[in-house]
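The values are calculated or read from the model by the stated rules, or taken from the named source; none is laboratory data. Only a predicted model underlies this, so the values are computations on that prediction, with no experimental measurement involved. We place every Cβ from the backbone using ideal geometry, glycine too, and count neighbours over all the protein chains shown. Only protein heavy atoms, including side chains, enter the accessible area calculation; ligands, DNA and RNA are left aside. Shrake-Rupley method; radii C 1.70, N 1.55, O 1.52, S 1.80 Å.
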Amino acid sequence: MDGKKTAELSELEKECLSCQKCKLCPGRHNVVFGVGVSDAEVMFIGEGPGEQEDIKGEPFVGKAGILLDKMLTAVDLDRKRNIYIANIVKCRPPHNRDPLPEEQDCCIPWLRRQFAIIRPKIVVCLGRIAAAKIIKPDIKITAEHGKLFKKGGVIMMPVLHPAALLRNPSSKPAAFEDFLRLQEIIKEECEQTYG
Ligand code: URA
């Protein structure tokens, strides 16, 4: 891991942990900043913490997270080894509702600063909310998951949200195809991820 990036991320996390910028902060148990390696070439972005994430302070540790980890393992990715995972909003929206546009706008500067430190080559957006915020507002996730977009020299791929796969298991094969495609892109574009 890159020592300078690790130190910068940990400074940023300290700052973020005391954030009071939006209405989500009074209801939180933990700010869910992000997890992974500071010089990851591949960054995954979800929408916001759920109940388990709020309790544990780590993204994707509930049922959807367990499925995500399985899919990551299948393509040799691992939050402890070669990727970084964060969310659009860092605090849990009540009753797991979608984060409101104003909450997203309020929180996105943290993600931008994480991105500026990590400087990933590939961004994978988990679900419609993240893809709409990061890739394009009118994304149609059912039709466009697995497609590649390029923004500012960064490759971006929207994929189906693991929580949606738990609700609709018939989409799992298509989601797995996207991960296999992702693996190929990583092999072409990244030097360290599978190094
Ligand atoms: N869903 C998300 O989008 N993010 C999490 O961290 C957990 C579930």
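Side notes on the structure shown:
- Complete set of residues in region 142-187 that are farther than 24 Å from Arg119 by Cβ and either in contact with a His (Cβ under 6 Å, 6 or more places away or on another chain) or aliphatic (A, V, I, L, M) (or both): Ala143, Leu160, Ala163, Ala164, Leu165, Leu166, Ala174, Ala175, Leu180
- Looking only at region 39-89, and only at residues there that are surrounded by fewer than 19 Cβ atoms within 10 Å (Cβ to Cβ) and at positive phi, the one that is farthest from the ligand (Cβ to nearest atom): Asp76
- Spans of helices (runs of 4 or more DSSP H) in region 1-88 with at least 1 residues under 23 Å from Arg128 (Cβ atoms) and under 12 Å from the mean Cα position of the chain (by Cα): 63-74
- Which listed residue is in contact with a Pro (Cβ under 9 Å, 6 or more places away or on another chain) and farther than 18 Å from Met157 by Cβ, from Arg28, Arg97: Arg28
- When region 144-193 is filtered for residues that are without any contact (Cβ under 8 Å) to a residue 40 or more places away in the chain, over 27 Å from Gly62 (Cβ atoms) and open to solvent by 30 Å² or more (accessible area, probe 1.4 Å), the ones remaining, listed by number, are Lys147, Leu148, Phe149, Lys150, Lys151, Gly152, Gly153, Glu184, Lys187, Glu188.
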